[in-house]
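What follows is a set of notes on a single structure, which appears directly below.
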Amino acid sequence: MTIEDILLEEEAGVYKTLLESTRAIPWKIDWATLRFAYIGPQIEELLGWSPQSWQTVQDWADRMHPDDREWVFNFCVSQSQAGIDHEADYRALRKDGEFVWIRDVVHVVRNPDGTPNALIGFMFDISERKRTEERLLDMQRELEELSFKDGLTGVANRRRFDLVMENEWREAQADRDPLSVVVLDIDYFKQYNDHYGHLEGDECLKRVAGALSAIVRTPRDLLCRFGGEEFVLLLPQTDAATAMALAWRCLDLIDKAMIPHAGIGAGKRLTLSAGVHTTVPATGDEVLPFIAVADRRLYMAKERGRARVVAEGGVTA
């Protein structure tokens, strides 16, 4: 053996020691045979499988989460065939049956004609990163959910209503379905606050929202606090007669809640008034005028004595 061979062997040993002392797991696959030419011993510490058990790419694919296997395998093969360096995140199966998130970073070694000769890469354990990402996503979802809720009553807020209303309006236009809205307002709420105080007024709003929540029939129905003491019930695919019946049901729910209102007299109870509007929106129709009709009917209900529903044509039911 020449001095050059000895030096080369020593250099190779140094590189191997460096590779095998990192947390990244080095590997090499021969493209012609699709067999592992090498995989770092760190693989056993991470996944429990000995380096000797990694024989072919089939072993790699079999030790992957079933939900990840097909797309990762197809993606890596297509990128490798095209001679494109790539990376993929997937869940790798541990010998004990648990899964670990892996990021595979792959370099394609090409022949002079551009065809793949070998794949060289590193596996990284990214489980902690994935857990952090999941926590951040959970926090983001929670914040988004909170941003659509009324902070006092817990029902949907105006922001949520505007978003859902826009979507339901478009769907009703496309499908030629009826869309109904019920605008509800607590009667004599100023007098309630004057008599009991604003803290009790807040508790009253919570009780009203809790009682009205029972009116929601389907996931598409939406109850929201529109502002102040006003609530709105959005009812997709709901005709005028059903909407009016549901409005009266809202008034009945509050009546059964038996919330005292001594601010308007001894023995008196809290009541609601409601305005209802139903339409099949045509192309060019707008949302705000639709809601405005229900709002005008609400004030007609107030003018006619409160604790009542005004629906189509100004009819008090």
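From D113, D96, D68, D85, which residue is surrounded by 15 or more Cβ atoms within 10 Å (Cβ to Cβ), acidic (D, E) and either assigned by TED's automatic domain parsing to the domain that holds K28 or closer than 23 Å to R23 by Cα (or both)?
Only one candidate passes the filter, namely D68.
Is it the case, given these coordinates, that R69 is among the basic types (K, R), part of a helix (DSSP H, G or I) and in contact with a helix residue (DSSP H, G or I) (Cβ under 9 Å, 6 or more places away or on another chain)?
Spelling it out, R69 is indeed among the basic types (K, R), part of a helix (DSSP H, G or I) and in contact with a helix residue (DSSP H, G or I) (Cβ under 9 Å, 6 or more places away or on another chain).
Going by what's in this entry, would R135 be described as surrounded by fewer than 19 Cβ atoms within 10 Å (Cβ to Cβ) and either on the phi > 0 side of the Ramachandran plot or modelled with pLDDT of 90 or more (or both)?
no
Residues that are aromatic (F, W, Y) and surrounded by fewer than 21 Cβ atoms within 10 Å (Cβ to Cβ): list the helices (runs of 4 or more DSSP H) wholly contained in region 175-292 that include at least 1 such residues. Give the steps one after another, and end with the answer.
Values: elements: 189-196, 198-212, 240-257.
In region 175-292, 189-196, 240-257 are the helices (runs of 4 or more DSSP H) which contain 1 or more residues that are aromatic (F, W, Y) and surrounded by fewer than 21 Cβ atoms within 10 Å (Cβ to Cβ).
So, of the residues in region 163-175 that are more than 18 Å from the chain's Cα centre (by Cα) and not hydrophobic (A, V, I, L, M, F, W, C), which turns out to be farthest from I291 (Cα to Cα)? Walk me through how you get there before you give the answer.
From region 163-175, those more than 18 Å from the chain's Cα centre (by Cα) are 165-166, 168-175; that's our starting set.
Retained after the next criterion (residues that are not hydrophobic (A, V, I, L, M, F, W, C)): 166, 168, 170-171, 173, 175.
Numbers: E166: 12, E168: 13, R170: 15, E171: 17, Q173: 16, D175: 20 Å.
It comes out as D175.
In a helix (DSSP H, G or I) and modelled with pLDDT of 55 or more: does that describe E11?
Considered against the rule, which asks whether it is in a helix (DSSP H, G or I) and modelled with pLDDT of 55 or more, E11 comes out as no.
The values are calculated or read from the model by the stated rules, or taken from the named source; none is laboratory data. Source: prediction; values computed, not measured. Note: ideal-geometry Cβ built from the backbone for every residue, glycine included; neighbour counts use all protein chains shown.
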